[in-house]
Structures are given as structure tokens and as C-alpha cells.
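Novice: Would you mind keeping the following structure in view while I ask a few things?
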Amino acid sequence: MRRNTPITLLSAGHACVDVYQGAVASLVPFFVAERAYSYAAVSGIVLAASLLSSVAQPVFGLLTDRWAMPWLLPVSTLLGGAGIALSGVSGSYALTLVFVAVSGVGVAAYHPESARVARIAGRGGNKGMGWFSFGGNLGFAVAPLMVTAVVATGGLRLTPLLALPALVGAVLCLPVLRALEQERQRQAAGGRPAPPDRADDRASFVKLSLAVVCRSIAFIGLSTFIALFAKERMGGSTAAGTAALFVLYLGGAVGSVLGGTMADRWDRVTVARWSYLLSVGWVAGVVFVPGPALYLFVALTSAGLYVPFSLQVTLGQDYLPSRIGTASGITLGLTVSIGGLVSPLIGSIADAASLRTALAPLIVMPALSWLLFRSLPEPAAPEHVAPQPTGPQPADEAHQDAARPQGRDATDAAPTPAPARLDHR
């Protein structure tokens with residue numbers, strides 16, 4: 001397998017999973033039109049996708065710190081697809097909540113382990129994680145187009161067709177997992193020494209997590225209501241709402257790649273800090289600037305909120321090197337899903353006043369993220385990340401095999417040999 005092939009396949013698989021996160025918001029206008037749900041009711045659907053995900057993310061993160069569980073990638077992908085596929089079959093609001101919650105659990109199970117595998121496949125680099133995140137954001141961007149193409153033609157009863165990306169994603173991850181296991185066995189046979197220990201920086205990790213929570217509230221709040229907001233602003237056109245949601249998700253895909261590229265020139269903390277500062281004005285533009293300029297500010301907002309996205313994942317792993325799965329689950333999953341917990345409040349304000357009034361407080365969120373990033377240090381990135389075994393391990397061995405960054409204070413430690421290439425000719 002060529003060097004960049006694992007990240008390419010993981011990125012494509014990530015797209016097949018995150019299309020179901022985007023599908024929840026994409027289904028909102030159809031639930032309103034076909035079932036006459038209120039803003040508060042559709043916010044509850046987003047909450048159902050987020051609530052169980054929020055609880056499950058740290059659990060799966062802790063489990064992947066104890067054991068490498070690559071089988072979670074295909075299984076969780078199928079689970080995420082099954083929930084969304086069944087969400088439109090029944091007219092029952094309670095069953096819709098259950099099915100969307102099942103999809104949320106699948107997405108929650110996928111992210112901690114996939115982030116660990118992506119860090120290994122990308123040799124711990126920012127670009128590798130950036131491309132992995134690009135796949136997820138591309139899935140978000142495709143979601144409104146896919147949902148509209150399926151549901152607009154035959155109604156919510158056709159949602160079982162939305163299971164197709166899950167089948168594709170489950171297949172794509174299999175050759176990557178096989179190649180990484182072969183590489184792990186080769187390195188184990190060669191007696192690779194364990195990398196030196198490095199202490200966790202829990203205080204910085206907490207600050208980082210709070211910053212990601214604020215970002216999550218801004219982005220999930222916009223993604224839940226931007227289609228309805230654009231439809232309202234553009235004279236009631238459903239196509240206008242779908243276009244706004246597509247631009248929001250596509251801008252995120254572009255932002256993820258830009259973040260990884262810029263972090264190679266400037267450090268991750270600096271890039272994230274400036275991105276959040278600029279995003280304050282761009283979110284304000286979405287809420288207050290009239291006319292078609294809405295789409296420009298939606299694109300800028302999305303890129304601004306997603307430039308830090310992959311950088312925050314690797315920062316979390318470097319702040320918490322002994323708990324890679326937990327760090328990944330929080331920065332990539334838990335704090336992302338927390339934004340869905342705020343959606344019912346936004347919906348209630350929108351029902352009582354207006355969507356513009358409900359979305360205005362989101363302007364503050366990137367400002368809070370900027371403030372939190374001002375006091376964060378830039379940790380040294382690891383030289384490489386080695387594959388873990390796929391079976392159970394003692395806790396100390398699991399921690400040795402997990403990715404550990406080389407700190408600036410570790411210059412006297414024993415050198416770690418260069419990783420073998422994933423190039424099985």
C-alpha cells in the first residue's frame with residue numbers, strides 16, 4: 001500500500017460516516033414540511049442525535065485507550081447509516097428520536113478509534129489529520145444534496161436509500177486496518193523500542209476542550225437552522241435553504257485542509273487563534289448582512305470555524321499523550337456533539353421571537369474560543385506514531401504503544417527509529 005493510500009481511504013470512509021451527522025440537519029426542513037414539526041420539535045431531533053453521542057464518546061475513548069478496536073470502524077459506520085435510514089420510515093416522533101439516537105451512537109463509536117488510526121496512518125502530521133478531517137467535512141457537505149435528491153423525490157419513506165454510503169464506508173476501511181496490522185506485526189518482530197514517556201498537560205487540555213465546545217455551539221447552531229434561515233431570507237425557497245447548508249458544509253471541508261497546511265508554516269495555536277478571531281465578524285455577517293451576501297458569509301464562517309478543527313484533534317492528543325483515545329473522543333466527538341444540546345434552546349427562542357434573534361448569540365462563541373486559545377501553549381508534535389496491536393493489552397503496554405509526542409524537554413531521551421513505510425509491494 002502506497003504511503004498516502006491509508007489516509008485517502010480513511011478520509012473517504014470518514015466522509016461516509018459524517019454524511020449521517022450532516023443528514024440530521026438536512027432532514028430538518030423535510031420534517032417541518034411533511035410532519036409540521038415546530039422549531040422546538042426539530043431541535044429535539046438534533047438533540048437526540050447529540051445526547052447519546054455526547055455520553056458515548058468518552059466511553060469509547062476510554063475503551064480504545066485500553067484496547068485497540070479497529071473492528072469499530074466498519075461496525076459503527078453501518079450503525080450510523082442504519083439509524084438515519086430508518087428515521088423517515090415511521091411517522092412516530094418517538095421512533096424518529098430513537099432511530100436518530102442510534103445513528104448518533106454509531107458516529108460516537110467511530111471517531112475515537114478512527115482518529116487514533118488516522119494519526120498512525122498520517123505519521124502524526126498535521127496534513128494527514130487535515131485530510132482525514134476533510135473527508136468528514138466533505139461528508140457533511142454532500143449530506144444536504146444526498147438527502148434532497150432522495151427525500152424530495154419520494155418523501156421521507158425513501159430514507160432507507162440513505163444507507164448506501166454506510167455500506168461503502170465499511171468496505172473502504174478494511175484494507176487500511178489490514179495494512180496497519182501487518183505493519184505492527186513487522187515492527188514487533190523487529191523489536192521496536194517504546195517511545196519515552198511525556199506528562200499529560202491536563203490544564204491545557206481542559207482549556208482546549210472548552211474552546212471546542214464554544215466552536216461546537218456556533219457551528220451546530222448554524223447547521224441546524226441555516227437552511228430555514230436562508231429559506232426565510234430568500235423568499236421561501238427550499239432550494240435556497242439547501243444551497244446555504246451545502247455552502248456551510250463545503251466551506252468546512254476547505255477549512256480543514258487549509259488548517260493542516262497553515263500549521264506547517266505557523267504553529268497550530270496561532271493558526272487557530274486568528275481563525276477564531278476572524279470568525280467573530282463572519283458569524284455576525286451571516287446573521288445581519290442582507291441579501292445574497294448571506295452565502296459569502298456562510299462560506300467564510302464555515303472555513304473560519306473549521307481551520308482549527310483538525311489542529312484541535314492533534315493538539316488534544318499532544319496535551320494528553322497517555323490517553324489518545326480519550327483525547328480524540330473529546331476533541332473530535334464529544335465537544336462537537338455538545339452543540340446539539342443547545343439547539344433546543346435556540347429553537348425555543350426562534351419560536352418565541354425570530355430566527356435572527358435566536359442566532360445572534362452565536363456571534364459570541366468564536367470570541368470565547370479565541371480568548372481560551374490566547375493562553376494555550378504549542379506542544380511539540382511527535383516524530384511518528386506506531387501501530388497498536390488489535391487485541392487486549394495491559395494498561396501500561398497500551399499506553400506505550402499509543403502515540404506520544406516528543407516534548408521540547410525530551411531532547412536527551414533515546415532516539416526513536418524512523419517508521420517503516422506502509423509500502424507492501
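Novice: Using only Cα atoms, locate the centre of segment 221-271 and the centre of segment 38-65, then give the distance between them in Å, rounded to an integer.
Specialist: Segment 221-271 and segment 38-65 have Cα centres spaced 21 Å from each other.
Novice: Could I ask something else about it? Test of understanding: what is the full-extension gain from Asn4 to Trp71, defined as 0.36 nm times their sequence separation minus their Cα-Cα distance?
Specialist: Additional length available on full extension: 22.0 nm.
Novice: Turning to a different aspect of this structure: Quick one: length gained pulling Ala239 to Ala149 fully straight, 0.36 nm per residue minus the C-alpha distance?
Specialist: The span from Ala239 to Ala149 would gain 31.3 nm if fully extended.
Novice: For Val168 and Leu62 in the same chain, what is the full-extension length gain: residue separation times 0.36 nm, less their Cα-Cα distance, in nm?
Specialist: Roughly 35.4 nm would be gained on extension.
Novice: Can you compute the modelled spin-label distance between Ser92 and Ala367, with each label point 7 Å from Cα toward Cβ, in nm?
Specialist: Placing both labels 7 Å beyond Cα along the Cβ direction yields 4.6 nm.
Novice: When ranked by the protection proxy of mean other Cβ atoms within 10 Å per residue, highest first, what sequence do the peptides 307-317, 221-231 form?
Specialist: Highest mean packing first, the order is 307-317, 221-231.
Novice: Which FRET efficiency, nearest 0.05, do Ala203 and Ala360 yield, Cβ-Cβ r, R0 41 Å?
Specialist: 0.80
Novice: Suppose a student asked you for the relative contact order of segment 212-318, using Cα pairs under 8 Å spaced at least 6 residues apart; what percent would you report?
Specialist: Reported as a whole number, the value is 34 percent.
Novice: Calculate the FRET efficiency for Ala352 and Leu278 from the Cβ-Cβ distance with a Förster distance of 22 Å, rounded to the nearest 0.05.
Specialist: The computed FRET efficiency comes out at 0.10.
Novice: If r is the Cβ-Cβ distance from Phe288 to Arg186 and R0 is 41 Å, what FRET efficiency results, to the nearest 0.05?
Specialist: Working from the Cβ atoms, E equals 0.10.
Novice: Take the alpha carbon gyration tensor of segment 225-321, find the square roots of its eigenvalues, order them as a ≥ b ≥ c, and report rounded if a/c is under 1.5; if not, report prolate when a/b exceeds b/c, else oblate.
Specialist: prolate
Novice: Got a sec? Which residues in segment 229-249 would a label at Leu161 touch, if it sits 7 Å along Cα→Cβ and we count backbone N under 20 Å?
Specialist: 238-240, 242-243, 246
Novice: Ranking request for peptides 246-255, 281-290, 321-330, 66-75: highest mean number of other beta-carbon atoms within 10 Å first, then the rest in descending order.
Specialist: 321-330, 246-255, 66-75, 281-290
FYI, it's all coordinate maths here, none of it is from the lab. Note that the structure is a prediction, hence the values are computed from the model and not measured. Cβ coordinates were reconstructed from backbone atoms using ideal geometry, including for glycine residues, and neighbour counts include every protein chain displayed.
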